[in-house]
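**Student:** Input: one structure, supplied below.
The values are calculated or read from the model by the stated rules, or taken from the named source; none is laboratory data. Since we're looking at a predicted model, the values are computed, not measured. Reconstructed Cβ throughout: ideal geometry from the backbone, glycine too, with neighbour counts over all protein chains shown. All accessible areas refer to the heavy atoms of the entire protein, side chains included, with ligands and DNA or RNA removed. Shrake-Rupley method; radii C 1.70, N 1.55, O 1.52, S 1.80 Å.
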Amino acid sequence: EAVQNAVGGVEIANFSKHEFNGPGAHAYLNRILAGRLPRPGRIALTPMLTPKGRLYGDLSVACLNQDHFILFGSGVMQEAHRRWFEKDLPDDVSYQNVSDDWHGIALSGPKSRELLSRLTRDDVSAEAFKFRDLRQTFVAGIPVILNRISFSGELGYEIYCRPAYLLRLGVAIEEAGADLGYRWYGARALMSMRLEKGWGAWGLEFRPDFDAMESGMDSFIDWNKDFVGKDATLALREAGPEQRLVTMTIDVDGIDVSNDEAILRDGTAVGYVSSGGYAHRIGKSMAMGYVVRDSAVAGTKLQVEILGEMYNAIVLGGPAYDANGANMRA
């Protein structure tokens with residue numbers, strides 16, 4: 001409720017952070033990442049693929065300057081990604097896994113800009129600090145990397161600082177947001193809110209079992225460049241995916257999915273649930289999952305088995321909340 005109507009904060013120490021420096025950093029990342037790299041001061045989302053076209057990461061790429069990048073991704077994949085990056089790192093690129101060097105707090109909600117403006121001298125207006133902008137600055141007198149990005153679907157910011165400053169940052173945010181209705185919220189609330197946006201999470205919707213087309217990550221691919229896995233991904237695109245990731249609402253009676261439930265159509269199994277839960281902002285139970293291609297069309301009526309009972313579900317054609325993204329771009 002605070003995130004939807006006022007402002008809330010959640011600790012974000014769990015994300016991995018990978019830092020690249022050097023004259024060859026742009027060329028190296030442009031090859032191993034399938035998406036378009038951002039220009040300095042911007043952030044972009046990109047899949048990272050294996051040579052066989054399988055998902056090996058969904059990463060937010062922050063460009064601090066032309067030769068300096070930080071990649072934000074799954075915490076549980078940080079060592080796998082470290083080995084992946086280091087196996088053929090060019091001599092003109094330096095790389096470090098800096099996950100333990102940067103912790104932070106994500107602010108979300110319509111009053112998050114007002115709260116942030118009380119803690120920094122920077123101009124954080126909508127015009128001066130646009131969606132997917134980033135900058136190195138000071139918040140509450142603490143040196144930070146400030147990203148304008150949100151996983152909650154509301155206006156939001158990620159504030160990364162050195163771990164020694166995290167408590168000081170948290171206290172400053174609490175004090176500055178006291179009259180704005182500031183509340184701390186947790187990972188379960190965050191995972192609930194991302195369902196309403198239809199955003200997948202690593203280890204649930206995204207993992208090497210799936211390719212870019214099946215998972216919907218193909219929309220972030222830059223097809224005009226060469227990248228690891230391009231030939232395989234082009235072949236997969238031409239053949240068409242056998243299954244697709246979908247988002248559904250489910251008519252339940254006080255129960256939600258807990259993952260891996262069967263999805264059926266007219267009594268025949270067509271897929272399974274990858275994640276789900278109660279969506280508080282729209283007041284409905286939701287789930288994401290992979291189903292065969294002809295059952296992935298918006299409006300398709302399905303059934304989900306929960307604890308041996310069948311519940312009706314319907315495939316959505318877009319986000320269930322703030323469909324055009326106006327809130328997070330406000």
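**Student:** Please specify each residue of the stretch 7-46 satisfying the condition of being at pLDDT 95 or above, surrounded by 19 or more Cβ atoms within 10 Å (Cβ to Cβ) and either at positive phi or part of a loop (DSSP other than H, G, I, E, B) (or both).
**Tutor:** Within the stretch 7-46, Val7, Leu33, Ala34, Gly35, Pro38 meet the criteria.
**Student:** Further question: Quick one: which residue in Val270, Val252, Val257, Val297 is of a type in the set (Val, Ile, Thr), part of a loop (DSSP other than H, G, I, E, B) and more than 21 Å from Ala189 (Cβ to Cβ)? Before you say what the answer is, go through the steps one by one.
**Tutor:** Details: Val270 fails: part of a loop (DSSP other than H, G, I, E, B); Val252 fails: more than 21 Å from Ala189 (Cβ to Cβ); Val257 fails: more than 21 Å from Ala189 (Cβ to Cβ).
The unique qualifying residue is Val297.
**Student:** Of the numbered conditions (1) small (Gly, Ala, Ser); (2) without any contact (Cβ under 8 Å) to a residue 24 or more places away in the chain; (3) under 24 Å from Leu55 (Cα atoms); (4) not in a helix (DSSP H, G or I), Ala323 fails exactly one; give the number of that condition.
**Tutor:** So Ala323 meets the others, but not (3).
**Student:** Another question about this same structure. So Asp222 ticks every box in (1) outside any loop (DSSP other than H, G, I, E, B); (2) of a type in the set (D, E, K, R); (3) over 14 Å from Asp58 (Cβ atoms) but one. Which box is left unticked?
**Tutor:** Single failed check for Asp222: (1).
**Student:** Restrict the check to the stretch 270-283 and report whether at least one residue is within 23 Å of Ser152 (Cα to Cα), open to solvent by 60 Å² or more (accessible area, probe 1.4 Å), among the basic types (Lys, Arg) and within 25 Å of the chain's Cα centre (by Cα). Steps first, answer last, please.
**Tutor:** The first filter runs over the stretch 270-283 and keeps only residues within 23 Å of Ser152 (Cα to Cα), leaving 273-283.
Of the ones still in play, those that are also open to solvent by 60 Å² or more (accessible area, probe 1.4 Å) are 278, 280.
Now narrow it down to the ones that are among the basic types (Lys, Arg): none.
Within the stretch 270-283, not a single residue is within 23 Å of Ser152 (Cα to Cα), open to solvent by 60 Å² or more (accessible area, probe 1.4 Å), among the basic types (Lys, Arg) and within 25 Å of the chain's Cα centre (by Cα).
**Student:** Restricting to the stretch 114-164, what's the tally of residues that are closer than 23 Å to Ala326 by Cα and open to solvent by less than 20 Å² (accessible area, probe 1.4 Å)?
**Tutor:** 16
**Student:** Taking Gln96 as the residue in question, decide whether it is open to solvent by 30 Å² or more (accessible area, probe 1.4 Å), within 26 Å of Trp184 (Cβ to Cβ) and either outside any loop (DSSP other than H, G, I, E, B) or in contact with a Pro (Cβ under 9 Å, 6 or more places away or on another chain) (or both).
**Tutor:** On the way: open to solvent by 30 Å² or more (accessible area, probe 1.4 Å): yes; within 26 Å of Trp184 (Cβ to Cβ): no; either outside any loop (DSSP other than H, G, I, E, B) or in contact with a Pro (Cβ under 9 Å, 6 or more places away or on another chain) (or both): yes.
Judged against the criteria, Gln96 is not a match.
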